Structure formats: structure tokens, C-alpha cells
Amino acid sequence: MRVLVTGSNGLLGQKIVSLCLKNKIEFLATSLGENRNQDCPNVNYQSLDITIQSEIKSIFNLFKPTHVIHTAAITNVDFCEQHEEECNLINTQAVEYLFNAAKLYEAHFQLLSTDFVFDGEKGNYSEEDEVNPLSIYGKSKVNAERILLKDESDNWSIVRTIIVYGTGNNLSRSNIIYWAKDALAKGDKLSIIDDQFRAPTWASDLAWACLEICKHNEKGIYHISGPETMSIFEIVSRIANHFSSSTENLSRSNSKDLNQPAKRPPKTGFNLSKAKRVLAYAPKTLEETLDLI
Ligand SMILES: NC(=O)c1ccc[n+]([C@@H]2O[C@H](COP(=O)([O-])OP(=O)(O)OC[C@H]3O[C@@H](n4cnc5c(N)ncnc54)[C@H](OP(=O)(O)O)[C@@H]3O)[C@@H](O)[C@H]2O)c1
């Protein structure tokens with residue numbers, strides 16, 4: 001197996017690189033600009049802007065991957081809402097460029113997608129549920145998924161996930177779990193929404209599932225998330241409880257108080273039956289991971 005990873009400076013990309021190193025899987029890590037992950041040897045790294053087809057062509061020609069794990073994306077939902085063209089270029093158009101290159105080399109193409117493809121009315125989504133995105137980000141991922149779904153080749157997988165958290169080197173953004181742990185420790189006044197429900201996902205569990213799908217050449221859509229769906233308020237309360245932080249300054253609020261540019265699905269969370277059955281996926285609970293962050 002020769003794995004080409006995009007977005008290797010990102011949280012998931014870094015975890016995939018760690019697993020490749022640990023399991024002696026041949027890989028080439030790529031991201032925009034320089035290698036910011038000091039755990040990734042420079043010999044395994046090449047910069048790649050996924051929006052430039054000539055760069056994609058030379059990377060494929062150089063490395064000749066058997067598998068592509070495509071994690072790179074614009075992941076800031078509100079930025080996407082306000083920069084539709086850029087979002088569509090990176091999250092959709094670039095997928096077409098990479099998928100076409102993968103087909104030329106008969107490489108398995110794996111696309112990372114999101115719970116934001118759903119409208120959040122139902123919750124506990126399975127792979128067969130209808131998509132209905134509420135945001136530009138969600139639509140950009142649905143359109144990327146469609147590039148694969150409508151293609152004659154079936155040499156691809158789509159891995160949808162939910163709030164990914166974990167540790168990393170020089171990450172360009174934080175995540176709710178870290179932010180909450182820090183803010184609670186400082187005793188900050190926190191007003192946390194209690195009307196959005198998610199299943200937070202330990203990045204190492206997700207990376208394991210991505211590689212497992214590649215190893216066994218599993219095809220189709222996979223829902224990969226943490227095992228429990230809870231409100232954002234419950235996530236923060238459980239972090240407070242775990243670290244014995246005071247909840248004196250913690251209060252509940254509503255999504256509409258936040259006035260965010262992008263609409264969010266109220267309740268997502270995944271039915272993990274397929275991942276458990278096919279991959280023997282056994283994700284960690286929130287509490288099992290908190291001492292590791
Ligand atoms: N994080 C979540 O909560 C979450 C939830 C659902 C789905 N997902 C999906 O899971 C995947 C991985 O998420 P993540 O949290 O690991 O993302 P992340 O930490 O935001 O990393 C994304 C990476 O994409 C790279 N990138 C952006 N534009 C690029 C370009 N033009 N060319 C090459 N690389 C580019 C960035 O590279 P540089 O750092 O080098 O700029 C960044 O490292 C994404 O596809 C995301 O949509 C994530």
C-alpha cells in the first residue's frame with residue numbers, strides 16, 4: 001500500500017501520518033505550504049496545493065499511490081458561508097481534480113466528509129439517509145460526494161465524521177474540547193448552546209478507520225464518529241466534571257443567540273452499525289480520551 005495523504009498539516013492528516021509511521025505503511029504526506037508537523041519526516045513530505053492540477057499531476061507521477069486519503073478542506077463553516085467561491089474550489093472542484101488523477105493510477109480514493117451534509121432534523125444518521133445540507137460548507141461536501149457517487153468506478157470511499165478532536169503539532173485551529181478544558185480551568189464565564197447535538201470523534205479513532213477502509217479496500221460510504229451523541233452543553237459539562245472544574249460560571253444558551261453566518265444542523269450523530277460490523281470499529285468515549293489531551 002502506498003498512501004498519498006492530503007491535508008497532512010491538519011489534525012486528521014497528522015494522525016494518519018502517525019499511524020503510517022507506526023505501522024510502516026509507505027506514505028507521502030502533502031499539505032499547503034511547509035511541513036508543520038515535526039513528527040512527519042521531511043523525506044515523506046511534499047507541498048501540494050490541491051487546487052492546482054499541474055501540482056497534482058506531478059505528485060501522482062512522483063509517488064504513484066495505491067490509495068489517496070483526502071483530508072484537505074476548508075473546514076471553517078462560517079468562513080465557507082462568506083467565501084462561497086473559495087469553498088467550492090477547495091472542497092468540491094479540487095476533489096474532482098484529485099479523483100481524476102486517482103482513477104488514472106487506479107488508486108482507491110477516500111474523501112473525508114461531514115455530518116453537515118444532513119439537515120439535523122432526524123439525528124442518528126445512517127449511510128443510507130438522505131442528505132439535505134443547510135450551509136455552503138455542507139453543500140460543498142455533498143457536491144464532492146456526488147462526484148464519486150455518480151462515477152462508474154467504485155474504487156472510492158466516503159468517510160463522514162463529526163467534531164474531530166485530539167492533539168497535534170502547530171494546528172491552524174483549536175477545537176471545542178481543548179477550548180472548553182482551558183476556559184473551564186481559567187474559570188471563564190461560559191454560555192454554551194444546549195440545542196445542538198453532536199458525537200465528538202477522537203481523531204486517532206477516525207484515522208484508524210480511514211486506514212482500515214484502505215487496507216481492506218472497502219468501498220462506499222462510512223459513518224465514523226464518537227460513540228455518544230450529546231448537546232454541546234453536555235460535552236462541556238462532562239469535561240468540567242472530568243477535570244473537577246467549577247461549573248459556577250457555566251450557563252446554557254441557544255443557537256440563535258450566537259448569530260453565526262452559517263446555519264447548523266440541530267441534531268446529528270451517527271448510527272455506527274456498519275463501521276462496527278465491517279471494520280470492528282470501537283471508538284473511545286469522551287471520558288476515555290480526556291486524560292490523553
Ligand atoms: N474537524 C472537524 O470537526 C470535522 C468534522 C467533520 C468533517 N471534517 C472533515 O475532515 C477532514 C479533516 O479535518 P481536519 O479537522 O483534520 O481539518 P483541518 O485541521 O482544518 O486541516 C485541513 C487541512 O487542509 C489543508 N488545506 C486547505 N486548503 C488546502 C489547499 N488548497 N491545498 C492543500 N491543502 C489545503 C490545510 O493545510 P495547511 O494547514 O497546510 O494550510 C489544513 O491542514 C476535512 O475534510 C473536514 O471537512 C472535519
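Each value in this text was obtained by applying a stated rule to the coordinates, not by laboratory testing. From a predicted model like this one, the values you see are computed outputs, not experimental measurements. In this analysis, Cβ positions are derived from the backbone assuming ideal geometry, glycine residues included, and neighbour counts consider all displayed protein chains.
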Practice prompt. Enumerate the amide H contacts of Ser113 below 5 Å, restricted to partners 5 or more residues apart or on another chain; note that Pro and chain-start residues carry no placed amide H.
Written response: Val159, Arg160, Thr161
Discussion item. Of the candidates Asn61, Asn100, Asn259, which one comes out as most mobile in a Gaussian network treatment of the chain with C-alpha springs shorter than 10 Å?
Written reply: Asn259
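For the chain, what is the calculated [θ] at 222 nm in deg cm²/dmol (nearest 500), taking -39500 (n - 2.57) for each run of four or more DSSP H residues and dividing by its residue count?
Taken over the chain, the calculation gives -10500 deg cm²/dmol.
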Worksheet entry | Compactness relative to 2.2 N^0.38 Å, alpha carbon Rg of the range 1-115 | 1.01
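Taking the number of other C-beta atoms within 10 Å as the exposure measure, put Lys256, Lys181, Lys141 in order starting with the fewest.
So the residues, fewest neighbours to most, are Lys256, Lys181, Lys141.
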Discussion item. Please report, in whole Å³, the volume per residue of the convex hull around the C-alpha atoms of the range 182-255.
Written reply: 98
Worksheet item: Do any cysteines of the chain lack a neighbour Cys whose Cβ is under 4.7 Å away, and which are they?
Response: Cys20, Cys40, Cys210, Cys214
Worksheet entry | Förster-model FRET efficiency, 25 Å R0, Gln38 and Ala185, C-beta, rounded to 0.05 | 0.45
Fill in: Cα pair distances of the range 160-202 binned at 5 Å [whole percent]
5, 17, 23, 26, 20, 7, 1
Item to complete: Over the range 140-227, consider all pairs of different Cα atoms and compute the Kirkwood hydrodynamic radius from their mean reciprocal separation; express it in Å, one decimal.
Response: 15.6
Practice prompt. Return, for the Cα atoms of the chain, the radius of gyration and Dmax in Å, separated by a comma.
Written response: 18.6, 58
Worksheet item: Which net charge results when you count Lys and Arg as +1 and Asp and Glu as -1 among the other residues whose beta-carbon is under 15 Å from that of Val43?
Response: -1
Response to the item:
Assertion target for Ser126, Ser135, ordered by fewest C-beta neighbours within 10 angstrom first, is Ser126, Ser135
Worksheet item: How big is the range 71-161 by the Kirkwood estimate over distinct Cα pairs, in Å?
Response: 13.5
Discussion item. Compute a Gaussian network model of the chain, connecting alpha carbons closer than 10 Å, and tell me which residue from Thr247, Thr114, Thr268 fluctuates the most.
Written reply: Thr247
Practice prompt. Mind sorting Val142, Val95, Val43 by how few other Cβ atoms lie within 10 Å of their own Cβ, fewest first?
Written response: Val43, Val142, Val95
Discussion item. At 1.306 mPa s and 10 °C, plugging the Kirkwood radius over alpha-carbon pairs of the range 201-293 into Stokes-Einstein gives what diffusion coefficient in µm²/s?
Written reply: 102
